[in-house]
Amino acid sequence: MLRQLQRDLLGVSMSHLMNTYARLSVSFTHGEGVWLWDTAGKRYLDALSGIAVNTLGHAHPRFTAALNAQIGKLIHVSNVYRIPEQEQLADKLCELSRMDEVFVCNSGCEANEAAIKLARMYGHKKGVENPCIIVMEKAFHGRTLATLSATGNRKVQAGFEPLVKGFVRVPYNDLEAIRQVAERNHDVVAVLVEPLQGEGGIRTLDIHYLEQLRELCDQQDWLLMLDEVQCGIGRTGKWFAHQHTGMLPDVMTLAKGLGSGVPVGACLAAGKATGTLQPGNHGSTFGGNPLACTAALTTLSLMEQDKLPAHAASIGEYLMAGLRKNLAAVPGVVDIRGQGLMIGIELNKPCGALVPQALEQGLLINVTAENVIRLLPALVFSQTEAQQLLDLLCPLVTNFLTQGA
Ligand SMILES: *Cc1c(COP(=O)(O)O)cnc(C)c1O
């Protein structure tokens, strides 16, 4: 009864869906580029792109054509057989990342599960009985039991105890804290870190942190594992966020933007992590099927043709400059930060209320970590569309902050 009442008040009709999302009461019928249309015909500028998923925007003609062609040929055969599209995808990802091998799965949490299993196997192979992985405060790695245990947000974990053991938590961006763990804990086999935290509030690492962490991992014979599920695939202006530095990880996970909307994830390994997982150690029924791999291959190839990583960097700079010009001096704006098309505007108070206000104005944005407005536009955003985004968003934020608490 109560739930029915809550749903009626929220304007959501009775549904048999498990109540796992506090959804906005809007549905879309179709999209084109960075625009979406709802069931009433109203148009929205999409600055969220399905949470960093729709790399190429909506209904990209060349992407749609490639998917249609693949659906007409083959969708799924299983990993009992060789899958040429999966082998091509692995080749392409290794070419772009200079890594050595790839496990293809269907989502970010699965990519991280593969990484966690790989790290444990790596530990066992060198005689560590209870391998531990260092993870960060405010990290987000997914909602499966292992990945929620690795996540640094109590809200994600509460109610699901007992958590998976084998994680040691340290503050983000604090190398000294990791050095201290190294001194007292001899079961550590890997460090798992997002080069740029997404759910945690668009938090960036100090420029030298990753390079110094690389050195420390080499000294300790640990695997350096980067969760690039959100910040990878061109979003920060490079193919992968760690490419803003000179270091290479041992393991990297990808998902969100990889298939431009078709579910596909990947766990990549290099150097000493290569060859750790062998037949029988890991698998996925759906993972790496011809349809998902065609989506990923086509996404990467169109990104390459249209130079989308560099485009993301320049549109990101344009947006950042506009946000700074319009918002930096507004009382209540604490910080404007990010890289490429992964941008956060931190306010001095919770700002979830901005999401429905923006929706009303025909703009799709997101709020994370309670008081950070998060922008994750598709990589195909034009400068005109970026200006439209600024014109819609900046007055909303200014009004929100100046109307009083
Ligand atoms: C979204 C996200 C995940 C989880 O991905 P799913 O596809 O939802 O399982 C893991 N890590 C990071 C950094 C993410 O942003």
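Listed conditions (1) surrounded by fewer than 16 Cβ atoms within 10 Å (Cβ to Cβ); (2) of a type outside the set (Gly, Ala, Ser); (3) in contact (Cβ under 8 Å) with a residue 60 or more places away in the chain are all met by residue 192, apart from (1). Report yes if some residue within the stretch 274-289 is surrounded by 14 or more Cβ atoms within 10 Å (Cβ to Cβ), closer than 28 Å to residue 381 by Cα and of a type in the set (Ser, Thr, Tyr); otherwise report no. Checking the stretch 274-289: not a single residue is surrounded by 14 or more Cβ atoms within 10 Å (Cβ to Cβ), closer than 28 Å to residue 381 by Cα and of a type in the set (Ser, Thr, Tyr). All conditions but one from (1) farther than 20 Å from residue 214 by Cα; (2) assigned to a loop (DSSP other than H, G, I, E, B); (3) hydrophobic (A, V, I, L, M, F, W, C) apply to residue 229; the one that does not is (1). Applying the condition of being away from the ligand (no atom under 15 Å from the Cβ) and small (Gly, Ala, Ser) to the stretch 147-167 and asking which residue is surrounded by the fewest Cβ atoms within 10 Å (Cβ to Cβ) yields 159. Among helices (runs of 4 or more DSSP H) entirely within the stretch 74-185, having at least 1 residues that are in contact (Cβ under 8 Å) with a residue 40 or more places away in the chain singles out 84-97, 108-125, 145-150, 175-184. Across the stretch 34-65, what is the total count of residues that are crowded, with 18+ Cβ neighbours inside 10 Å and either within 16 Å of the ligand (Cβ to nearest atom) or in a helix (DSSP H, G or I) (or both)? The number of residues fulfilling the criteria is 8.
Here the condition is being away from the ligand (no atom under 15 Å from the Cβ), modelled with pLDDT of 95 or more and surrounded by 24 or more Cβ atoms within 10 Å (Cβ to Cβ); of 223, 213, it holds for 223 alone.
Would you call residue 198 within 12 Å of the ligand (Cβ to nearest atom), small (Gly, Ala, Ser) and modelled with pLDDT of 95 or more? Criteria met by residue 198. Screening the candidates 264, 193 for the property of being more than 11 Å from the chain's Cα centre (by Cα), within 13 Å of the ligand (Cβ to nearest atom) and closer than 18 Å to residue 107 by Cβ yields one hit, 264.
One residue stands out among those in the stretch 267-295 that are within 18 Å of the chain's Cα centre (by Cα) and part of a helix (DSSP H, G or I): the one that is nearest to the ligand (Cβ to nearest atom), which is 292. Only residues that are within 13 Å of residue 136 (Cβ to Cβ) and touching a Pro at 6+ places or on another chain (Cβ under 6 Å) were counted across the stretch 182-204, and they come to 0.
Applying the criterion of being in contact with a Pro (Cβ under 6 Å, 6 or more places away or on another chain) and away from the ligand (no atom under 11 Å from the Cβ) to the residues of the stretch 93-146, the residue that is nearest to residue 280 (Cα to Cα) is 120. When only residues in the stretch 235-249 that are surrounded by 24 or more Cβ atoms within 10 Å (Cβ to Cβ) and over 12 Å from residue 97 (Cβ atoms) count, which is nearest to the ligand (Cβ to nearest atom)? Among residues in the stretch 235-249 that are surrounded by 24 or more Cβ atoms within 10 Å (Cβ to Cβ) and over 12 Å from residue 97 (Cβ atoms), the one nearest to the ligand (Cβ to nearest atom) is 235.
Quick one: residue 87 ticks every box in (1) over 28 Å from residue 187 (Cβ atoms); (2) touching a Gly at 6+ places or on another chain (Cβ under 7 Å); (3) away from the ligand (no atom under 16 Å from the Cβ) except a single one, so which number is it? With respect to (1) over 28 Å from residue 187 (Cβ atoms); (2) touching a Gly at 6+ places or on another chain (Cβ under 7 Å); (3) away from the ligand (no atom under 16 Å from the Cβ), residue 87 is out only on (2).
The values are calculated or read from the model by the stated rules, or taken from the named source; none is laboratory data. Remember, predicted model here, so these are calculated numbers, not experimental data. All Cβ positions, glycine included, derive from the backbone under ideal geometry; neighbour counts span all protein chains shown.
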